[in-house]
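Input: a single structure, listed below in structure tokens.
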Amino acid sequence: MDNRRKKILFRSWHRGTKEMDIILGNFADKHIKDLSDAQLDAYENLLEVPDLDVYNWITGKEDAPANAPYGALLQQIIDNKVYE
């Protein structure tokens, strides 16, 4: 695995809240090797968003921003359903 993916994987498991560690860490474990460079860019953008916002989007408590660069990837995370 290249250094970029290793860093992203580490950041996915060390978010700050246990819930987001589990959701994003499990997603990254399953999919990090298959993501394109563009998808990695989008995922890195998502990792910059506060945990509470991402958690609310993933659990459906709030709608994600319509024009977010990580929209398709966020939907993939939601569809992955690692939190159920």
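We did not get these values from a lab; they are worked out from the coordinates using the rules stated. Keep in mind it's a predicted model, so treat the numbers as computed, not measured. When we count neighbours, we look across all protein chains shown, and the Cβ atoms used for this are built from the backbone with ideal geometry, even at glycine.
Here is a list: A68, A64. Which entry is among the aliphatic types (A, V, I, L, M) and either in contact with a strand residue (DSSP E or B) (Cβ under 7 Å, 6 or more places away or on another chain) or surrounded by fewer than 16 Cβ atoms within 10 Å (Cβ to Cβ) (or both)? Give the derivation first.
Values: A64 fails: either in contact with a strand residue (DSSP E or B) (Cβ under 7 Å, 6 or more places away or on another chain) or surrounded by fewer than 16 Cβ atoms within 10 Å (Cβ to Cβ) (or both).
Of A68, A64, the one residue that is among the aliphatic types (A, V, I, L, M) and either in contact with a strand residue (DSSP E or B) (Cβ under 7 Å, 6 or more places away or on another chain) or surrounded by fewer than 16 Cβ atoms within 10 Å (Cβ to Cβ) (or both) is A68.
If you take the residues in region 1-51 that are out of contact with any Lys or Arg (no Cβ under 7 Å at 6 or more places or on another chain) and among the acidic types (D, E), which one is farthest from I77 (Cα to Cα)?
Filtering first and then ranking leaves D2.
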